[in-house]
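Report on one structure; see the data block that follows.
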Amino acid sequence: MDASFVKTPEIQKLLDRASGVNESGGNPRLKAVLRDLIESTMEVIVRHDVSESEFWLAMKYLADSSGEIGLIVPGIGLEHFLDLYLDAKDAEAGLTGGTPRTIEGPLYVEGAPLVEGNVNLSTDPDEGTQVLHMTGTVTGPDGEPVQDAIVHVWHANSKGWYSHFDPTSQQTPFNNRRRIKLGSDGRYAFHSKMPSGYSVPPQGATDQLMQALGRHGNRPAHVHFFIEAPGYRTLTTQINFGDDPFAADDFAFGTREGLLPVPSRQGDSAYIAFDFQLQRASGESDEGFSSRHRASAQAQEPTEPETETV
Ligand code: BEZ
Ligand code: FE
């Protein structure tokens, strides 16, 4: 049997009815996308002669793994694909240049304290790891310092665990998470306890899938950023440490050329100088974040900018 079976009138009629394309109510875009999605699934079943047992095993995996969907999507390359697709559409529209975008990942939390100055991101002591000092500028396409920029920064601790998602529940809320309000010179500076790379939860759904694929679930140590400023496109990116053993083998495909600085390690400290360049926005709708659902929490610190200095 070949995939032309899916094109028979009986199956096509089934697809039309299942997706509601001939019904007057509902959402036409959802109908069109879902019809194609079901049809593609049917084609995969026929092409690989998927047995009933295999099909239901896959359905059970999907049902059981929903809590790790934010890990599975990057793990199978789909989140990176979205970046490549956005890049290709930008290139088609003549929008090039600036710091490359890369995946957000599932571990951002809204509501981090808004701070100014040379900022300490780490509330918790995290003994025995180096202190990371990161500095640089945020400029626009002509090298102009961007005005009123806010840099959202978040990273893991030295065990590779993120506050709000730490299985030991040992971290203070918003540890290693801040929103930094920049001055008119577009300069930023922060220091924090050096993160380690992230690994997916052992024996979890993502780990099981990675093992079944003969892969691993590790990411190199990295620091995430959203950078927003009026008149510019919000940048979602991250730097990955170029000297990490997983720098060239990130399970989530988040490492990209231009985003792999090597920290200069000197005793208890490590230094990274990294400049960001934003693209100019064509209008207000071009400036904002995607409406992806994100975790949120209440900041315990004041919401007005407070100045933290070294
Ligand atoms: C992370 O950024 O830490 C991450 C990204 C994708 C999957 C898992 C973790
Ligand atoms: Fe991360």
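Each value in this text was obtained by applying a stated rule to the coordinates, not by laboratory testing. Bear in mind that the values here come from a model prediction, so they are computed numbers and not experimental data. Note that we place each Cβ from the backbone using ideal geometry, even for glycine, and neighbour counts take in every protein chain shown.
Descriptive notes on the structure:
- Each Cα pair of the stretch 109-157 feeds into the Kirkwood radius, which the Stokes-Einstein equation turns, at 37 °C and 0.692 mPa s, into a diffusion coefficient of 243 µm²/s.
- The stretch 23-109: C-alpha gyration tensor shape, a/c 1.5 cut-off, then a/b vs b/c: prolate
- Estimated from the Cβ-Cβ distance and a Förster radius of 45 angstrom, the FRET efficiency linking ASP64 and GLU257 is about 0.80.
- Exposure proxy ranking, count of Cβ atoms within 10 Å, fewest first, for ILE103, ILE272: ILE272, ILE103
- Integer Hz, Karplus 6.51/-1.76/1.60 couplings in order for the stretch 170-177, x for Gly and Pro: 8, 8, 5, x, 6, 4, 6, 9
- Calculated P(r) of the chain - Cα pairs past 33 Å, %: 35 percent
- Per residue, the average separation of C-alpha pairs within less than 8 Å and at least 6 apart gives the chain a relative contact order of 23 percent.
- Helix 9-19 and the long axis of the chain differ in direction by around 40°, with both axes built from C-alpha atoms.
- Rounded FRET efficiency, nearest 0.05, which uses the C-beta distance separating LEU86 from GLN266 and R0 of 41 Å: 0.65
- For the stretch 247-286: rounded, prolate or oblate by the Cα gyration tensor [a/c cutoff 1.5]: oblate
- Put a dot 7 Å past the Cα of SER282, heading toward its Cβ, do the same for LEU14, and the two dots end up 4.2 nm apart.
- Additional length obtainable on full extension of the chain from LEU95 to THR168, 0.36 nm per residue less Cα span: 21.9 nm
- When each of LYS31/LYS89; LYS7/LYS89; LYS13/LYS89; LYS60/LYS193 is checked by Cα-Cα distance, pairs over 29 Å: LYS7/LYS89; LYS13/LYS89; LYS60/LYS193
- Going by neighbour counts of Cβ atoms within 10 Å, the residues LYS181, LYS7 line up, fewest first, as LYS7, LYS181.
- Across the options GLY77, ALA63, PRO9, the greatest Cα extent toward the positive end of the charge dipole of the stretch 1-79 (unit charges at beta carbon of Lys, Arg, Asp, Glu) belongs to PRO9.
- Relative contact order (percent, whole number), the stretch 160-310, Cα cutoff 8 Å, 6+ residue spacing: 17 percent
- For the stretch 1-49, the ratio of Cα radius of gyration to the globular rule of thumb 2.2 N^0.38 Å stands at 1.19.
- Residue-averaged [θ]222 nm for the chain, counting only DSSP H segments that reach four residues, each worth -39500 (n - 2.57): -7500 deg cm²/dmol
- The stretch 28-77: C-alpha gyration tensor shape, a/c 1.5 cut-off, then a/b vs b/c: oblate
- Proximity of backbone amide H atoms, modeled 1.01 Å from N, is registered between GLN238 and THR102, PHE225 at under 5 Å, excluding neighbours fewer than 5 places apart on the same chain.
- For the stretch 158-216, fraction of C-alpha pairs farther apart than 13 Å, in %: 71 percent
- Each Cα pair under 8 Å and six or more residues apart adds its sequence gap; the mean of these over the residue count of the stretch 224-293 is a relative contact order of 37 percent.
- Remark: GLU68, GLU284 ranked as GLU284, GLU68, counting other beta-carbon atoms within 10 Å and listing the fewest first.
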